[in-house]
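Each remark here refers to the structure printed beneath this line.
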Amino acid sequence: MSKLEPQPGILEITPYVGGASSVAGMSNVIKLSSNENPFGPSPHAVEAFKKAGHELHRYPSTDHASLRAAIAAQHGLDAERIICGVGSDEVITFLCQCYSGPGTEVIYTEHGFSMYKISAHAAGATPVMVPERERMVDVDEILKAVTKKTSLVFVTNPGNPTGTMVSSAELSRLARELPDTVLLVIDGAYAEYVEGFDGGASLVEKHDNVVMTRTFSKMYGLGGLRIGWGYGSAEVIGMLNRVRGPFNLSMPQLAAAEAALKDREHVERCLSENTRLRAWLAEALAELGVPSDTSCANFILARFASKEEAVSCNKFLLEQGIIVRLVAGYGLPNCLRITVGDEASCRRVAHMIGRFKGVVPDPAAEKTEGGKA
């Protein structure tokens, strides 16, 4: 038996499990389990990635200056207060490394992203889950949970896997009423899907203890490259850079992200199609007796009558070569999270859920009943 012992909290971690991407024995499956952009990245990003391949023997920049300048120009931010990471997950890890640890508490909400709990444990902190109200972040519950040990509060806005959104007024109240010793982290992974939403940038400008995180994995279609960023006060970003590895992003990552950011035509097309198809899918499922909250992201959280019905529907969809996401691990056992795909995928998943619910006839069953099978 080994006498090696991990740091406190490591044994409490249940490793993160991503959405499934394949079905045994099937090819050409429809993957709607990971909230990926069905239209992929900008062609300019793909070209930039390819060109960067000619310089793979060179080290990338350590300060990500060009990408930070592009992000700052696009969002009207101070480039010196931006940090880039391997997805926003890495920025979340930096935050827990720098501002939590043994003896501290990290607050996250009932249906919040599971990496908050994992990163808190990895830093030796105690994760504290607070209840939501009908799948909505409840600011009062967060404030009620704050103690002298609280170091960080994580809020996903829009939420994942709920798709719901905290109002600007409530988010402002949370930032205003939190003690200035507590760092509020607004995770805006899906902020691009909400027209006119700054992801929390205006609150960062008003409060030194507010940080915003963002990603290139969703709207920009670069999930396979893992690129994220954060924005905060000069003091906080300075602390995060102390623990950031000098070459945490590769040259192809940096080049592709900058090109993706600058292709506004591609972003606008993806936003328009997601908005249109999200509304269509939500309405189609509601007509089948499967409701969902108004989603502000690129997925629908479909609610079924029971855990058993959700599990059975998931099994049926897998048999049809359609992969969605069970979210019982997020405290939503009666729900399936369904990514908004392209039009064909949306129509296919709605049709098959209709078949499962018995609302849409099964052609094979009709033939059998008619004596033609």
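Below is a table of values for the structure above.
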item: Qualifying residue in the range 56-69 (condition: assigned to a helix (DSSP H, G or I), modelled with pLDDT of 95 or more and under 30 Å from Val340 (Cα atoms)); result: yes
item: Pairs, first outside the structural domain of Thr294 (by TED's automatic domain parsing) and closer than 26 Å to Ile300 by Cα in the range 160-179, second among the hydroxyl-bearing types (Ser, Thr, Tyr) and assigned to a helix (DSSP H, G or I), C-beta under 7 Å, six or more apart; result: Pro161/Tyr330
item: Strands (runs of 3 or more DSSP E) (entirely within the range 141-247) containing at least 1 residues that are farther than 20 Å from Asp89 by Cα and hydroxyl-bearing (Ser, Thr, Tyr); result: 150-156
item: Positions within the range 339-362 being outside any helix (DSSP H, G or I) and closer than 18 Å to Pro38 by Cβ, in sequence order; result: Thr339, Val340, Gly341, Asp342
item: Residue within the range 140-155 that is touching a Phe, Trp or Tyr at 6+ places or on another chain (Cβ under 6 Å) and under 24 Å from Ala328 (Cα atoms) present; result: yes
item: Residue within the range 282-298 that is surrounded by 19 or more Cβ atoms within 10 Å (Cβ to Cβ), in a helix (DSSP H, G or I) and among the charged types (D, E, K, R) present; result: no
item: Tabulated pairs, the range 19-40, first under 25 Å from Ala328 (Cβ atoms), second polar (S, T, N, Q) and surrounded by fewer than 17 Cβ atoms within 10 Å (Cβ to Cβ), C-beta under 6 angstrom, 6+ apart or interchain; result: Lys31/Ser21
item: Criterion (surrounded by 14 or more Cβ atoms within 10 Å (Cβ to Cβ), among the polar types (S, T, N, Q), more than 16 Å from the chain's Cα centre (by Cα) and closer than 24 Å to Arg244 by Cβ) met by exactly one of Ser61, Ser119; result: Ser61
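Residues checked against (1) out of contact with any His (no Cβ under 6 Å at 6 or more places or on another chain); (2) crowded, with 20+ Cβ neighbours inside 10 Å; (3) not assigned by TED's automatic domain parsing to the domain that holds Asn35:
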residue: Arg242; (1), (2), (3): yes, no, yes
residue: Glu258; (1), (2), (3): yes, yes, yes
residue: Ala279; (1), (2), (3): yes, no, no
residue: Phe316; (1), (2), (3): yes, no, no
residue: Gln320; (1), (2), (3): yes, no, no
residue: Gly331; (1), (2), (3): no, no, no
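Residue-wise test of (1) free of Cβ contacts under 8 Å to residues at least 12 places away in the same chain; (2) buried (at least 17 other Cβ atoms within 10 Å of the Cβ); (3) within 23 Å of the chain's Cα centre (by Cα); (4) assigned to a loop (DSSP other than H, G, I, E, B).
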site	(1), (2), (3), (4)
Glu5	yes, no, no, yes
Pro8	no, no, no, yes
Val46	no, no, yes, no
Lys50	yes, no, no, no
Ile92	no, yes, yes, no
Gln97	no, yes, yes, no
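The values are calculated or read from the model by the stated rules, or taken from the named source; none is laboratory data. Just so it is clear, the structure is predicted and the values come from calculations on it, not from any experiment. Virtual Cβ from ideal backbone geometry, glycine too; neighbours counted across all protein chains shown.
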